[in-house]
Amino acid sequence: MPTTLDHKPHVAIIMDGNGRWAEARGLPRPAGHPVGADTVRTIVQTAIEEGVGALTLYAFSTYNWQRPEAEVAGLMSLLRQFLLIEAPKLHRAGVRITVLGRRDRLPLGLVKAIGAAERRTAGGKTLHLRVAIDYSARDAIIAAAADRPDAGTLVARLGTEDVDFLIRTGGDQRLSDFLLWECAYAELSFTQTRWPDYTAADFRAALADFRRRNRSFGGVTEAA
Ligand code: IPE
Ligand code: IPE
Ligand code: MG
């Protein structure tokens with residue numbers, strides 16, 4: 001459990017509201033996704049500045065394959081472009097990139113971009129950026145638990161520590177099968193703000209709110 005003061009938090013974000021952001025402007029839903037990608041750049045930079053240890057972003061769920069083909073293709077191409085363009089910059093900033101989720105259904109170009117980004121940034125120590133693509137927490141848990149491992153082995157296979165703080169933008173208050181094991185004791189934060197409108201200041205304010213929270217992990221904590 002993260003109890004020490006110098007623990008760098010693991011923050012997870014369900015980046016939601018791109019489609020509604022576009023619709024509210026009379027644009028087709030997918031027009032929100034490239035603007036959402038700009039928000040990702042801003043929030044990753046802010047995470048570095050705020051001393052976040054790991055940042056896990058929900059980019060595409062296993063359920064998102066149900067969307068119109070053109071929207072799915074646009075998202076796959078946007079993810080590939082993001083990795084190709086950002087990986088060298090993030091590498092220079094000391095960021096390690098890893099991708100979680102299934103790879104066998106992704107376009108080959110994206111699979112290659114993921115592999116290249118992971119290899120290039122493997123030594124990064126500043127921030128661990130984890131991008132969830134074709135991800136389902138239930139699928140991840142079933143895969144990691146197939147041979148009844150102990151909790152430590154299971155956690156190692158899931159690939160990260162517990163989530164300390166989970167944010168969901170876009171107004172809905174649900175987990176949508178994201179990091180179900182890792183969020184067992186996560187602090188939760190929901191905002192109406194749609195992902196393309198989410199700013200560095202919003203993120204800083206959310207982190208400040210998180211730092212003020214009293215985390216008792218089932219024990220007793222003194223009143224603040
Ligand atoms: C989140 O925005 C991005 C992805 C799920 C890929 P949405 O596209 O879900 O936006 P809304 O929820 O329809 O507004
Ligand atoms: C969750 O958003 C998945 C991602 C942000 C990638 P959705 O928009 O797919 O979630 P639901 O379907 O509204 O729960
Ligand atoms: Mg949505």
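Quick check: at a probe of 1.4 Å, how many percent of the accessible area of the stretch 10-212 sits on carbon and sulfur atoms?
Within the stretch 10-212, the accessible surface is 53 percent carbon and sulfur.
Working from the pairwise distances between different alpha carbons, so that the mean of 1/r is found and then inverted, what is the stretch 171-224's Kirkwood radius in Å? Display every interim value, and only then the final one.
Details: mean 1/r = 0.0748 Å⁻¹.
In the stretch 171-224 this quantity evaluates to 13.4 Å.
Which residues make up the longest stretch of the chain that has no trypsin sites (Lys or Arg not before Pro) in a DSSP loop with at most 16 other Cβ atoms within 10 Å? Can you show the working numbers first?
Values: sites that count: Arg25, Arg102, Arg103, Arg105, Lys125, Arg174, Arg213, Arg215.
Counting only loop sites that pass the neighbour cut-off, the longest clear stretch is 26-101.
With every protein chain left in place, what is the accessible area per residue of the stretch 10-212 in square angstrom, probe 1.4 Å?
Details: 9530 Å² over 203 residues.
Per residue, the stretch 10-212 has 47 Å² of solvent-accessible surface.
Mind listing the long-range amide H neighbours of Glu187? Cut-off is under 5 Å, sequence gap 5 or more, other chains count too, H placed in the peptide plane at 1.01 Å from N.
For Glu187, whose amide H was placed from the backbone, the distant partners under 5 Å are Phe165, Leu166.
Compute the Cα gyration tensor for the stretch 131-224, then decide on rounded, prolate or oblate, letting a ≥ b ≥ c be the square roots of its eigenvalues: rounded whenever a/c is under 1.5, prolate when a/b is larger than b/c in the other cases, and oblate in all that remain.
Numbers: a/c = 2.63, a/b = 1.32, b/c = 2.00.
Oblate, because a/c is 1.5 or more while a/b does not exceed b/c.
Each residue of the stretch 50-58 in order: what ³J(HN,Hα) in whole Hz does its phi give by Karplus 6.51 cos²θ - 1.76 cosθ + 1.60, θ = phi - 60°, with x for Gly and Pro?
3J(HN,Hα) across the stretch 50-58, in whole Hz: 8, x, 6, x, 9, 10, 10, 10, 8.
Give the relative contact order (percent, whole number) for the chain; include only Cα pairs under 8 Å separated by 6+ residues. Each step should come with its number before you reach the end.
Values: 354 pairs, mean separation 61.7, N = 224.
Reported relative contact order: 28 percent.
May I ask you to list the chymotrypsin sites (Phe, Trp or Tyr not before Pro) in the stretch 162-224 that are in a DSSP loop and have at most 11 other Cβ atoms within 10 Å of their Cβ? Walk me through the intermediate numbers first.
Numbers: sites: Phe165, Phe178, Trp181, Tyr185, Phe190, Tyr198, Phe203, Phe210, Phe217; in loops: Phe178, Trp181, Tyr185, Tyr198, Phe217.
Taking the stretch 162-224 and a limit of 11 other Cβ atoms within 10 Å, the loop chymotrypsin sites (Phe, Trp or Tyr not before Pro) found are Phe217.
Could you work out the Rg to Rh ratio of the chain, with Rh taken as the Kirkwood radius (inverse of the mean 1/r over all Cα pairs)?
0.95
Modelling each spin label as a point 7 Å along the Cα-to-Cβ direction, I'd like the Asp6/Glu23 distance in nm, to one decimal.
4.9
Using Cα positions and a limit of under 16 Å, work out the aspartates and glutamates in reach of Lys89, with same-chain residues fewer than 8 apart set aside.
Within the straight-line limit of under 16 Å, Lys89 reaches these aspartates and glutamates: Asp38, Glu49, Glu118.
The values are calculated or read from the model by the stated rules, or taken from the named source; none is laboratory data. Remember, predicted model here, so these are calculated numbers, not experimental data. No Cβ is skipped: glycine too gets one built from the backbone with ideal geometry, and neighbour counts run over all protein chains shown. Accessible surface is based on the protein model in full, side chains and every heavy atom, while ligands, DNA and RNA are left aside. Shrake-Rupley method; radii C 1.70, N 1.55, O 1.52, S 1.80 Å.
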